[in-house]
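Quick one: the structure is below, and I'll ask about it shortly.
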Amino acid sequence: MSLRPAISRTQAVPTMEGAGVKLHRAFGFNEPELFDPFLLFDDFRNENPEDYRLGFPWHPHRGIETITYVLNGTVEHGDSLGNSGMLGTGDVQWMTAGSGILHQEMPKGNDAGQMHGFQLWANLPASLKMTAPRYQDVSGADIPEVIDDDGTRVKIITGAFWGKKGPVDGIAADPLYLDVLVPAGAQKTLNVDTYRSAFAYIFEGSGRFADASDPSGVLLEKEAWGKS
């Protein structure tokens with residue numbers, strides 16, 4: 001097994017979206033091939049309601065999927081198909097915009113006025129860009145969590161990891177989306193499929209990616225079966 005080196009490191013940059021929501025953008029729109037099929041990752045966290053209360057009023061999406069993960073506070077949402085609801089702490093909404101939809105997201109914060117969440121955008125392949133819009137709303141209580149012997153905790157939003165499968169399914173990119181907590185002072189190795197790209201976003205505490213090894217050969221399927 002070889003350990004992957006981090007090929008780039010960036011700092012999330014302050015930006016403003018919607019009707020004046022202050023947030024930090026980890027990546028978005030620049031060099032999309034580095035994160036393909038993902039287009040954007042925003043971290044919206046504030047302790048001042050004036051920095052987010054005007055939210056993200058009605059706006060269109062088409063040909064992509066938007067993934068909202070609420071860590072603290074609540075987000076009220078609605079769309080042009082008549083759907084509406086409230087996302088609370090720990091909840092996830094995976095929206096497939098497909099052929100097109102208008103929607104809005106209005107952060108409400110918690111009782112102390114604090115708000116924190118992520119939004120990730122994923123591109124749809126050309127064959128699915130005109131698919132019917134749909135939602136997958138997932139309660140935080142339905143997101144499985146596994147705990148390793150060293151105290152590492154992993155919530156699995158989509159994909160399979162450590163014997164558990166996340167509740168979000170039917171996603172074109174077939175991604176693995178994890179919320180990982182590594183105890184202070186611990187070192188952890190997490191497996192990544194050979195053919196997959198990966199990115200990690202540190203949003204609490206600090207950490208570093210180290211001890212990467214030189215690449216080692218991996219048998220391709222045709223080589224494993226005695227074909228060349």
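The values are calculated or read from the model by the stated rules, or taken from the named source; none is laboratory data. Keep in mind it's a predicted model, so treat the numbers as computed, not measured. Cβ coordinates were reconstructed from backbone atoms using ideal geometry, including for glycine residues, and neighbour counts include every protein chain displayed.
Name the residue that is modelled with the lowest pLDDT, counting only residues in region 173-182 that are assigned to a loop (DSSP other than H, G, I, E, B) and in contact with a strand residue (DSSP E or B) (Cβ under 7 Å, 6 or more places away or on another chain).
First, pick out the residues of region 173-182 that are assigned to a loop (DSSP other than H, G, I, E, B): 173-176, 182.
If we keep only those that are in contact with a strand residue (DSSP E or B) (Cβ under 7 Å, 6 or more places away or on another chain) as well, we get 173, 175-176.
Values: Ala173: 83, Pro175: 91, Leu176: 93.
The residue in question is Ala173.
To continue, here is another question. Need pairs with beta-carbon distance below 8 Å; first residue in contact (Cβ under 8 Å) with a residue 12 or more places away in the chain and loosely packed, with under 12 Cβ neighbours inside 10 Å and within region 1-22, second among the polar types (S, T, N, Q) and part of a loop (DSSP other than H, G, I, E, B); sequence gap 6+ or separate chains.
These pairs meet every condition: Met1/Ser216.
Moving on. Taking region 147-158, which residues are surrounded by fewer than 19 Cβ atoms within 10 Å (Cβ to Cβ) and within 18 Å of the chain's Cα centre (by Cα)?
Arg153
Any residue in region 64-86 that is under 19 Å from the mean Cα position of the chain (by Cα), surrounded by 13 or more Cβ atoms within 10 Å (Cβ to Cβ), within 23 Å of Ala173 (Cβ to Cβ) and small (Gly, Ala, Ser)?
So far as region 64-86 goes, no, none of its residues is under 19 Å from the mean Cα position of the chain (by Cα), surrounded by 13 or more Cβ atoms within 10 Å (Cβ to Cβ), within 23 Å of Ala173 (Cβ to Cβ) and small (Gly, Ala, Ser).
I would also like to ask the following. Only residues that are exposed (fewer than 12 other Cβ atoms within 10 Å of the Cβ) and at pLDDT 85 or above: list them for region 203-228, please.
Passing the criteria: Glu204, Gly205, Ser206.
Which condition does Thr89 not pass, out of (1) out of contact with any helix residue (DSSP H, G or I) (no Cβ under 7 Å at 6 or more places or on another chain); (2) surrounded by 13 or more Cβ atoms within 10 Å (Cβ to Cβ); (3) of a type in the set (Ser, Thr, Tyr), if it passes all the others?
Just one mismatch for Thr89, condition (1).
Can you find a residue in region 90-104 that is closer than 20 Å to Phe199 by Cβ and touching a Leu at 6+ places or on another chain (Cβ under 9 Å)? Explain how you work it out, then say what you get.
First, pick out the residues of region 90-104 that are closer than 20 Å to Phe199 by Cβ: 92, 94.
This time we only want the ones that are touching a Leu at 6+ places or on another chain (Cβ under 9 Å), so: none.
Checking region 90-104: not a single residue is closer than 20 Å to Phe199 by Cβ and touching a Leu at 6+ places or on another chain (Cβ under 9 Å).
Which one of Gly185, Gly205, Gly170 is assigned to a loop (DSSP other than H, G, I, E, B), closer than 20 Å to Ile64 by Cβ and not hydrophobic (A, V, I, L, M, F, W, C)? Before you say what the answer is, go through the steps one by one.
Numbers: Gly185 fails: closer than 20 Å to Ile64 by Cβ; Gly205 fails: closer than 20 Å to Ile64 by Cβ.
Being assigned to a loop (DSSP other than H, G, I, E, B), closer than 20 Å to Ile64 by Cβ and not hydrophobic (A, V, I, L, M, F, W, C) holds for just one of Gly185, Gly205, Gly170, which is Gly170.
So, one more: Is region 34-46 home to any residue that is touching a residue at least 24 places away in the same chain (Cβ under 8 Å) and either farther than 30 Å from Pro144 by Cα or among the small types (Gly, Ala, Ser) (or both)? So that I can check it myself, show each step before the final result.
The initial filter retains those residues of region 34-46 that are touching a residue at least 24 places away in the same chain (Cβ under 8 Å), namely 34-46.
Of the ones still in play, those that are also either farther than 30 Å from Pro144 by Cα or among the small types (Gly, Ala, Ser) (or both) are none.
No, because not a single residue in region 34-46 is touching a residue at least 24 places away in the same chain (Cβ under 8 Å) and either farther than 30 Å from Pro144 by Cα or among the small types (Gly, Ala, Ser) (or both).
Out of the residues in region 159-186 meeting the condition of being among the β-branched types (Val, Ile, Thr) and buried (at least 16 other Cβ atoms within 10 Å of the Cβ), tell me which one is farthest from His61 (Cα to Cα). Full working, then the answer.
To start, the set of residues in region 159-186 that are among the β-branched types (Val, Ile, Thr) comprises 168, 171, 180, 182.
Filter again for buried (at least 16 other Cβ atoms within 10 Å of the Cβ), leaving 168, 171, 182.
Values: Val168: 20, Ile171: 17, Val182: 35 Å.
Going through the qualifying residues, I end up with Val182.
Working carefully through the options Thr96, Thr68, Thr74, find the one that is among the polar types (S, T, N, Q) and more than 30 Å from Glu50 (Cβ to Cβ).
It is Thr96.
Further question: Name the single residue, out of those in region 11-48 being over 20 Å from Pro107 (Cα atoms) and not in a loop (DSSP other than H, G, I, E, B), that is modelled with the lowest pLDDT.
Among them, the one singled out is Pro32.
With the checklist (1) in contact with a strand residue (DSSP E or B) (Cβ under 6 Å, 6 or more places away or on another chain); (2) over 24 Å from Val180 (Cβ atoms); (3) of a type in the set (Ser, Thr, Tyr) in hand, flag the one item Thr89 doesn't pass.
Tallying (1) in contact with a strand residue (DSSP E or B) (Cβ under 6 Å, 6 or more places away or on another chain); (2) over 24 Å from Val180 (Cβ atoms); (3) of a type in the set (Ser, Thr, Tyr), Thr89 fails exactly one: (2).
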